[in-house]
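Peer 1: Below you will find the structure I want to go over with you.
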Amino acid sequence: MNFRPRQTEEVGINLTPLIDVVFLMLIFFMVSTTFERHAELLIDLPKADAAQEEQRREIIELAIDAQGRFFVNGQELVNTRPATLEAALTRVSEGDSSLPLIVRADGRTPHQSVVTAMDVAARLGFSRLSIATTPDRDGD
């Protein structure tokens, strides 16, 4: 019988894989986090009606109702021909195609009317075109 204790290796925990995982998680969170910088000064700006009217004139609003009729800044056009829409947009924009153009189309508007409006805007050189939407309240 051998009563000598066996030579065993000292049990230890290898921390290298654990450190690797922690560093990978740190890098992931640093890359995927969005940092917001809040303003240091809170300024309550005064309100003026003249500035609001000036801002409204800088945006062209093109509304299309459910029947496909066009309204440019609230004014209904006499017909739905592309040439009429082109003339109205040119008159309202005064030839400045850098103005933002917002298309507000009814949900039941024929698709062709929206495509026609976008085509006319593209021919006139409007590059800042937006389509207005409303949030879905039902969550469907």
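The values are calculated or read from the model by the stated rules, or taken from the named source; none is laboratory data. Just so it is clear, the model here is predicted, and its values are computed rather than measured. So basically every Cβ, Gly included, is an ideal-geometry build from the backbone, and we count neighbours across all protein chains shown.
Peer 1: For the stretch 70-96, enumerate the residues that are free of Cβ contacts under 8 Å to residues at least 40 places away in the same chain, surrounded by 15 or more Cβ atoms within 10 Å (Cβ to Cβ) and of a type outside the set (Val, Ile, Thr).
Peer 2: As a first pass, look at the stretch 70-96 and keep what is free of Cβ contacts under 8 Å to residues at least 40 places away in the same chain: 71-96.
If we keep only those that are surrounded by 15 or more Cβ atoms within 10 Å (Cβ to Cβ) too, we end up with 71-72, 77, 80, 84-86, 88-89, 92-93.
Once the filter is applied, which keeps residues that are free of Cβ contacts under 8 Å to residues at least 40 places away in the same chain, surrounded by 15 or more Cβ atoms within 10 Å (Cβ to Cβ) and of a type outside the set (Val, Ile, Thr), the stretch 70-96 yields Phe71, Leu77, Leu85, Glu86, Ala88, Leu89, Ser93.
Peer 1: If a residue must be closer than 20 Å to Ser127 by Cα and surrounded by 15 or more Cβ atoms within 10 Å (Cβ to Cβ), how many such residues does the stretch 56-69 contain?
Peer 2: The first filter runs over the stretch 56-69 and keeps only residues closer than 20 Å to Ser127 by Cα, leaving 56-64.
This time we only want the ones that are surrounded by 15 or more Cβ atoms within 10 Å (Cβ to Cβ), so: 60-64.
The qualifying residues number 5.
Peer 1: From Asn14, Asn2, grab the single residue that is at pLDDT below 75, loosely packed, with under 10 Cβ neighbours inside 10 Å and in a loop (DSSP other than H, G, I, E, B). Step through it out loud before you land on a result.
Peer 2: Values: Asn14 fails: at pLDDT below 75.
The match here is Asn2.
Peer 1: Could you check the stretch 63-96 and list, in sequence order, the residues that are part of a strand (DSSP E or B) and either aromatic (Phe, Trp, Tyr) or touching a helix residue (DSSP H, G or I) at 6+ places or on another chain (Cβ under 6 Å) (or both)? First the steps, then the outcome.
Peer 2: Within the stretch 63-96, the first condition is being part of a strand (DSSP E or B), and the residues that meet it are 63-64, 70-72, 75-76.
Across the stretch 63-96, the qualifying residues are Ile64, Phe70, Phe71, Val72.
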